[in-house]
Each structure stands twice: as structure tokens, then as C-alpha cells.
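Working notes for the structure below.
The values are calculated or read from the model by the stated rules, or taken from the named source; none is laboratory data. Predicted, not measured: the structure shown is a model, and the values here were computed from it. Here the Cβ is made from the backbone with ideal geometry for all residues, glycine too, and neighbour counts use every protein chain on show.
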């Protein structure tokens, strides 16, 4: 067992004990499946029922980052959190990490988990992958979309990555320092130590080639805006104040019953960790309404 696997196993064991100690909490279950190209992928499950919340993490992040959603929302929905290839407890592979392959993984994950009626929630890079998935797969069971703290192609473009990003990823010392700082800076307040370690281990695990490839989305910025404009399901855009301009643009464009905006001023990028109560309340209210709509698309 690798150091990463050991760290994550300890975290998930502790999480399971916490879930078991909560009277209304559902046990956290681990599941694995093999993709069509033979990669073993992992996801977490809590709760039960037809109405399913599906969480997709960000760049090099693990499903573990959604621990408070698994614990806090399982009384109301079936909740799944996915470890994409080479992230979390999924297999580290040298096979393709191109967007097309990642979308196929997501589709195979939803089929393996027998997801029919669902709200799809993407965080950071997961926002872009969720939108890309909808543009290419048009899932009939989609009832709502939750976009967490990333640009969706509206308004002025946010600041880009440093021109030295690739060089940093290919320098072992600089890469580790960068990832340690990144994993610290996604929170406003220090998270529980076991969660912080699980997140850091997942980030450090990804080789430079994979980390770089995941950042290189092969689409113009307009792709995300145009994809979102085509969606007829309700959308919850939940973000920090730095994305308020994009939130305002969505409010101006979409029918009032198809857009909900939630700005969290006292949270970091992992706002569902920093302010899980506000995040979970907004997610529960939005999803309950989305599932109650007569038609999803």
C-alpha cells in the first residue's frame, strides 16, 4: 500500500466512524469499477433513493474533499463523490487524461453507479468537465446543475495561470512547494488535519505530465458560456465574490426559475469545506426544487 493509499484509507475509515456516530447519517460506502480502457476508478456513496447528487472534484483533488456533503446531505438524497482517474483512490495510470477520455470515464461512472435522475455538481475544473460532459452526452436524467467557484465564460476573463506553470510542474522541488501552497490556499480556515492530508496526498500523487494535461483545456472561453446557455435545467451558481460579475451575467440571461446565485464572502475556493452549512443548505433547497420540476430538460 502506498503512502497516499494509506493516508486516504485512514481518512475514509475515520469518516465512516463519524458517519456511524451520527444518528441520521448514512454509512459511507466505497465502490470501484473498471473503465472501458481498463482503469480502476473509485467513488463514494452515502444515502439512498432515486434522486442523486453527483459531485465532481477539481484539479488533482480527491472525492474526499466532499466529506461534509456526504455526511450532511445523505439524509435527503443519494450522494456520490467521484475520484477521476489518477485522483484520490482511483488508479494512477499512464493512459490518456484528455478531456474526451475523462468525459467517457464520467459517463461510465454514472452507468456503473446506476444513476438515472440526478443533479450534477462540479467544483473548479469539475465545473468545466461537467459542462463539457453535458455538451457531448446530453444526459436525459439531468435535473439540475451546480457550478462551484469557477468561471463559466461570462464577463471579463479571470487572471490566467503563470507562464511558468509548466516549468514549475516539471521541477520536483518547485512542484511540491507549489502544490503544498495550492492545497493550503484553497481554504480560508485550516480544515480538519486528516482531510488536509488526504487532499495534499492526492495533489502530490499526480505526475507532472498529468497535472499539466488536466489544465490544458482545448476550448475557447466562449465554449463554456455557449454550453451553459443551451441548458434548460435549473442552475445553482455558488461562488466567492471574485465571480460576482459572472453571477450577475447569468442572472441577466437566464429565466428567474432557472438560476440561483449564492455568493459566499467568508469562504475560500473550497467553500463547501469552509462553510459547509451554508453550502449544504443551498444545495438541499436547490436540489429539492430541481427534482420536483415536472420536466428536467
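Checked against (1) in a helix (DSSP H, G or I); (2) in contact with a helix residue (DSSP H, G or I) (Cβ under 8 Å, 6 or more places away or on another chain); (3) within 17 Å of residue 122 (Cβ to Cβ), residue 236 passes all but condition (1). The residue that is surrounded by the fewest Cβ atoms within 10 Å (Cβ to Cβ), counting only those in segment 25-45 that are within 24 Å of residue 76 (Cβ to Cβ) and in contact (Cβ under 8 Å) with a residue 60 or more places away in the chain, is 31.
For the residues 76, 30, the requirement of being at pLDDT 95 or above and more than 23 Å from residue 146 (Cβ to Cβ) singles out 30. Here residue 219 fulfils each of the conditions (1) touching a helix residue (DSSP H, G or I) at 6+ places or on another chain (Cβ under 8 Å); (2) assigned to a helix (DSSP H, G or I); (3) surrounded by 13 or more Cβ atoms within 10 Å (Cβ to Cβ) apart from (2). If you go through segment 153-209 and keep only what is part of a loop (DSSP other than H, G, I, E, B) and under 15 Å from residue 269 (Cβ atoms), you end up with 158, 159, 161, 186, 187, 188, 189, 190, 191.
For segment 70-82, a tally of residues being closer than 28 Å to residue 180 by Cα, in contact with a helix residue (DSSP H, G or I) (Cβ under 7 Å, 6 or more places away or on another chain) and buried (at least 24 other Cβ atoms within 10 Å of the Cβ) returns 2. Only one of the numbered conditions (1) surrounded by fewer than 17 Cβ atoms within 10 Å (Cβ to Cβ); (2) under 15 Å from residue 53 (Cβ atoms) is not met by residue 165, and that is (2).
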